[in-house]
Amino acid sequence: MPSFPFFGRSSSAGPFDKLRAGPNKPRTGPIEWLLAGLGNPGQKYAKTRHNVGFHILDRLAQAEGLTFDQRRNNALIARGEIEGASTALVKPQTYMNLSGQAIAPIARFYKIPPERILVIYDDLDLPLARLRIRQKGGAGGHKGMISVAQHLGSKD
């Protein structure tokens, strides 16, 4: 799997360690990476653990000077350059268990293969604030990930 630019950097600085003074320069070229954050739309779910994917993308967008100013296929999208890679941040506005219905058409639109899609979601098998990065594997029973895998046609 290709390495996303800010994973595995030798520096201890991460994409959240600094806030940029101004907005990110808009990208007009092809999107290289798609980062999808799973969650549920609406205020009722805004502060729940199930929305960790939305929260992470919001923080990343803030740190990188991006705004969710596009709407496509029932998702909010922010585009810009992150560590030299043209990236789309995607927050499906479907409910969690239907996330694939929003993510797959966007991936097709931007011509992003599954190996260049990172999905951020809550995993109740992990303690709160614990992060696990997997390049391959099943959905582990997570219905949002099952939807994404089914609609992308890939379990990895």
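Some observations on this one:
- Qualifying residue in the stretch 132-150 (condition: among the polar types (S, T, N, Q) and at pLDDT 85 or above): yes
- Qualifying positions in the stretch 41-69 - at pLDDT 95 or above and polar (S, T, N, Q): Gln62, Thr67
- Residue check, Gly84 under 18 Å from Tyr121 (Cα atoms) and modelled with pLDDT under 95: no
- Pairs are defined by a Cβ separation below 8 Å, a sequence spacing of at least 6 or placement on different chains, a first member in the stretch 30-44 that is over 11 Å from Ile117 (Cβ atoms) and of a type in the set (A, V, I, L, M), and a second member that is part of a strand (DSSP E or B) and at pLDDT below 95; the pairs so defined are Leu38/Val119; Leu38/Ile120.
- Residue list for the stretch 41-58, filter: over 15 Å from Val90 (Cβ atoms) and of a type outside the set (Val, Ile, Thr): Gly42, Gln43, Lys44, Tyr45, Ala46, Lys47, Arg49, His50
- The strands (runs of 3 or more DSSP E) located wholly in the stretch 64-110 that include 1 or more residues which are out of contact with any Leu (no Cβ under 9 Å at 6 or more places or on another chain) and surrounded by fewer than 18 Cβ atoms within 10 Å (Cβ to Cβ) occupy 70-72, 85-92.
The values are calculated or read from the model by the stated rules, or taken from the named source; none is laboratory data. Quick caveat, the model's predicted, so the values are computed rather than measured. Glycine gets a Cβ as well: all are built from the backbone with ideal geometry, and neighbour counts include every protein chain shown.
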